[in-house]
1. If you go through region A:232-269, how many residues are under 14 Å from residue A:138 (Cα atoms), at pLDDT 95 or above and surrounded by 21 or more Cβ atoms within 10 Å (Cβ to Cβ)?
2. Among the residues in region B:207-219, are any modelled with pLDDT of 95 or more, closer than 21 Å to residue B:130 by Cβ and not in a helix (DSSP H, G or I)?
3. Any residue at all in region B:46-67 that's at positive phi, touching a residue at least 40 places away in the same chain (Cβ under 8 Å) and under 25 Å from the mean Cα position of the chain (by Cα)?
4. When you scan region B:7-111 for helices (runs of 4 or more DSSP H) that lie fully inside it, which ones turn up with 3 or more residues that are farther than 17 Å from residue B:122 by Cβ and within 14 Å of chain A (Cβ to nearest Cβ)?
5. Quick test of your reading of the structure: residue A:433 fulfils all but one of (1) surrounded by 21 or more Cβ atoms within 10 Å (Cβ to Cβ); (2) touching a strand residue (DSSP E or B) at 6+ places or on another chain (Cβ under 9 Å). Name the failing condition by number.
6. From the list B:164, B:177, which one is assigned by TED's automatic domain parsing to the domain that holds residue B:211, at pLDDT 95 or above, on the phi < 0 side of the Ramachandran plot and in a strand (DSSP E or B)?
7. Only residues that are touching a strand residue (DSSP E or B) at 6+ places or on another chain (Cβ under 9 Å) and within 17 Å of residue A:412 (Cβ to Cβ): list them for region A:323-352, please.
8. Please verify whether region B:379-400 includes one or more residues that are at the interface with chain A (Cβ under 9 Å from one of its Cβ atoms), more than 12 Å from residue B:352 (Cα to Cα) and assigned to a helix (DSSP H, G or I).
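The values are calculated or read from the model by the stated rules, or taken from the named source; none is laboratory data. Note that the structure is a prediction, hence the values are computed from the model and not measured. FYI the Cβ positions are ideal-geometry reconstructions off the backbone, even for glycines, and counts take in every protein chain you see.
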């Protein structure tokens, strides 16, 4: 029986970045008398930084709770009825209700909504290989994952010559390689592709390979994992690839994630080619007035290629939540899209990218000129000046900036932000050459490395102008 | 008697950043058979980094020669007839010639030109106070100045409790305060204004004052210097202000510079309100087809205020030279203007600004909203996360970004580049809130501090929208 409610009810599925940002922002704009907010989270934690897990595992961050931005109690104190360990199991869009199960008690009920936010996140890719679920094999996507890994590592503390095998050489993989180095492990990274960091072009990935090798990490490229070998107790003891076998006291999976859209798919909501939810720019699920989605479960528009992408990144999730909450709260906000910026580090190596790689450009039908330059983070004569390599892609003839990749040391990663803003603004590389960037010897050579690349790109565009 | 020349002659006045960049770029585009290049420099050094002098004095840079990007011999090796210790004393524009004096021999001659580049730089402001020319009082504008200061400091090495008084609290002043701290001096900075760093608003300058005090530097604001007191030998021994007297073993002047346009003025070339040469966007002196000017002797267009400014900064000088050389070499390039970006540091304190201060906005007839936020350089839980304060100005009603100032520690200064690009692109603060900036815990909180400021600025613009 449906009762007439005096106030609207917002239901949020997923108690992490996107969902709880949406809930918090909606609450800021509408009080409890106007809007009831119920949020469901199936895990033990709310609003935490999954991106921080490698640093917690590596020992840079002391406490798990340091990664928690806001506890369930804090959310409840702000008038959000956050129900932990409660999983939404079905979404009845025509009926405007969700079915949820309390995981502890097993009890199930329906709850109706006026507005619904899907913030169901992503799930790790876990290939169905023999041994992949053995004890000693760990993902690092959730705080629970991180805790389980730390428990395993504690049991290995007295093992001499401890060895960690990291499967995957994307952001999570290289960050976990650093974490395990910091914990005193011999680290091997098994990478399916020809170079680590496939979010970079291979020539830039090669620099990462070399630098990581220089840090004492064993990098194995073109490594197709076929099996996790176990010992007599069923514990992981090695990783086998098509070519070799790598002994491991612990195995860490950093193979990436895909959108968690099981509920959405069952409800017939629109999914894109990466299986992420499709939204409009206000973060409404396409075609549904009162359904919203954000964070790792959606696809986002790449403003450079004009195509949808799936990017699991806390900073986007937070922005989505902010936009959704503003719109539900009666305001107006949009998320126009991304340019694909990402930064990472492995010990003192910094890695950054924004915009299109060569293959992205080709896929988008764009012809381009490419340049690669070497420069330094500070004036060459200033102590600590570190080499960085900048790759820049510019559209043929128009000279429009298409993408930048940077590999270097201190001061390399965040330099990519200049290119991210220039991409957003649709600047040409020629326009970039006159950008008024901060200059002083401790911070930059007199020509900032990004400007050096832009100058060379201008020359390439001119030379290729036909 | 004028001979018919088979090739054009480019004459360059001033052998530093703007002049020699212009000469080098012109040479790249036109060989010696097409273009003769003669450059005059009255000093002992060519193409050096004046911005590096504080770090050389402070000991971070070991050798004077480290600051020299290209020696006279190197320039000559590239087909540029660079004549050192040769001063141009007169500019005969109707006759298309310059008169020069060889400073060693005293010999004078005329040389005709087809194209002329004025790169005469800036001269330090030196108020006509009693004692200002006494031994022990030093400017730090040229390498010769730096060497003279170092010679003085060498003589003071055994002086117990050595004291340095720095007059001026702009970039040079605060950088020299750091340099003298690094050399073990007790440092006092005398500042005419109410707060140091008058290129910032006073509220942000106050943060610099506090931080510098915290570093052990004595900061005296509202200090009007009236005299340099000397001892029996005529050496500086103290600086007197209207209110007090500050003992000094060495006095350093960091009061700023003004365009060196004596020659240009005598020749009747167009000067602006700051006494700098006025050029078009190709860096041609306004109204003259074959005269070019760049670097510290010109005024530049501030793209935000629409007014001309004088900014003495190596990075602009290099760009000007590049543009001039390209145009003389038969190419096409422009310098559209600046947004007024500047970064500096004092020990681990970083200071940055771009765009308009409050008073600049008012002077330009712009109404604005202002916000000030505190955030951190890295995720709050990541080791080394340092507080930074970001001030942002947005135009009333339109929300167009007008300016950003940042004071913080590691990672603060170069963050201003994001705002510099956004200003260049004419972005609104609302557009900025969805910028796709690099995020990972070692590099940024999930909302970059610049985005936090932008969000608050959006709210301020909305609240003030009338």
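1. Result for region A:232-269: 8.
2. No, there is no match, as no residue in region B:207-219 is modelled with pLDDT of 95 or more, closer than 21 Å to residue B:130 by Cβ and not in a helix (DSSP H, G or I).
3. If we filter region B:46-67 for residues that are at positive phi, which is where we start, we get B:47, B:59.
Narrowing the set further to residues that are touching a residue at least 40 places away in the same chain (Cβ under 8 Å) leaves B:59.
This time we only want the ones that are under 25 Å from the mean Cα position of the chain (by Cα), so: B:59.
The answer is yes, given that some residue of region B:46-67 is at positive phi, touching a residue at least 40 places away in the same chain (Cβ under 8 Å) and under 25 Å from the mean Cα position of the chain (by Cα).
4. Working: elements: B:17-29, B:53-58, B:72-77.
Where helices (runs of 4 or more DSSP H) fall fully within region B:7-111 and carry at least 3 residues being farther than 17 Å from residue B:122 by Cβ and within 14 Å of chain A (Cβ to nearest Cβ), they are B:17-29, B:53-58.
5. (2)
6. Working: B:177 fails: in a strand (DSSP E or B).
Answer to the selection: B:164.
7. Matches in region A:323-352: A:341, A:342, A:343, A:344, A:345, A:349, A:350, A:351, A:352.
8. Within region B:379-400, not a single residue is at the interface with chain A (Cβ under 9 Å from one of its Cβ atoms), more than 12 Å from residue B:352 (Cα to Cα) and assigned to a helix (DSSP H, G or I).
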